[in-house]
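All remarks here apply to the structure that follows.
The values are calculated or read from the model by the stated rules, or taken from the named source; none is laboratory data. Bear in mind that the values here come from a model prediction, so they are computed numbers and not experimental data. Cβ atoms come from the backbone with ideal geometry, glycine included; neighbour counts cover every protein chain shown.
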């Protein structure tokens, strides 16, 4: 990704993040989170993680934040402007954030910096040698074909990993989603008097 | 080209914003959104490492599978958490965390 796009998406993400905690109205905060996640999805796409970028938009921006806004409007919250801001939480939050950033900057200044390894046509074609006769899974052939054509088949790569190496975690995640759905329905049912 | 340290710094800034929000804000829904910000900052770190430390010349798909799992668990967490918030609002008619102090000693 060109440098200016990285800084553009980072700025969108960080400004959205600051707006989440700076704005008083919860609906404004939710829309700021949406802005932040759109910038984040841009960064994912710039890192050649196209699948992750798309599910970031679909799941977070499309489903999760809509659920948040739905709940905010269902509960009909007032904007919390009447309460005076106590000083102690502000000082504590700033201290925590600055201490964290200082620690991170200290670590990063001693870490050797690496540039992104090349993902051009030649590198992809060279990587396709791993996939030519690597077993009986149908996606393997598609991965090799796409790599030789010079495109990165990251959906096929993630799908192959999900259904081979991570098959058991995938099924456990399915059960977890079922449990979460049942739990949400049970919790939001009115209790019988 | 942005380097690995650029991505780690931006991700750390997003995490710090989320952390500050959790400490600073009093509205439980906004605190919950700040938790999502921190999860997403961790996701950015994972994807950056998967891109900058390739396996066999391609971005490491193990890291992106972990991001997939994190997003799925976060979605389940939001569903249950918002149901709890609705139940809490029904019981107490408030969402401010400093007014929910009935267990305070």
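Restricting to segment A:25-51, what's the tally of residues that are at positive phi and more than 7 Å from chain B (Cβ to nearest Cβ)?
Matching residues across segment A:25-51 total 0.
Residues in segment A:17-53 that are part of a helix (DSSP H, G or I) and under 16 Å from residue B:46 (Cβ atoms): how many?
So the count comes out to 11.
Any idea how many residues of segment B:40-65 are within 30 Å of residue A:187 (Cα to Cα) and either crowded, with 19+ Cβ neighbours inside 10 Å or touching a strand residue (DSSP E or B) at 6+ places or on another chain (Cβ under 7 Å) (or both)?
Result for segment B:40-65: 3.
Does residue A:14 meet the test of being under 21 Å from residue B:23 (Cα atoms), facing chain B (nearest Cβ under 7 Å) and part of a helix (DSSP H, G or I)?
yes
What number goes with the only condition from (1) surrounded by fewer than 17 Cβ atoms within 10 Å (Cβ to Cβ); (2) in a loop (DSSP other than H, G, I, E, B) that residue A:77 does not pass?
Residue A:77 satisfies all of (1) surrounded by fewer than 17 Cβ atoms within 10 Å (Cβ to Cβ); (2) in a loop (DSSP other than H, G, I, E, B) except (1).
If I filter segment A:84-108 down to residues being modelled with pLDDT under 90 and more than 7 Å from chain B (Cβ to nearest Cβ), which single residue comes out as surrounded by the fewest Cβ atoms within 10 Å (Cβ to Cβ)?
The extreme case among them is A:84.
Would you please name the residue that is nearest to the other protein chains (Cβ to nearest Cβ), looking only at residues in segment A:150-193 that are closer than 16 Å to residue B:67 by Cα and part of a loop (DSSP other than H, G, I, E, B)?
Within segment A:150-193, the match that is nearest to the other protein chains (Cβ to nearest Cβ) is A:166.
What's the number of the only condition in (1) facing chain A (nearest Cβ under 7 Å); (2) over 17 Å from the mean Cα position of the chain (by Cα); (3) surrounded by 18 or more Cβ atoms within 10 Å (Cβ to Cβ) that residue B:29 fails to meet?
(2)
Taking into account only those residues within segment B:89-102 that are more than 8 Å from chain A (Cβ to nearest Cβ) and closer than 15 Å to residue B:30 by Cα, which is surrounded by the fewest Cβ atoms within 10 Å (Cβ to Cβ)?
B:98
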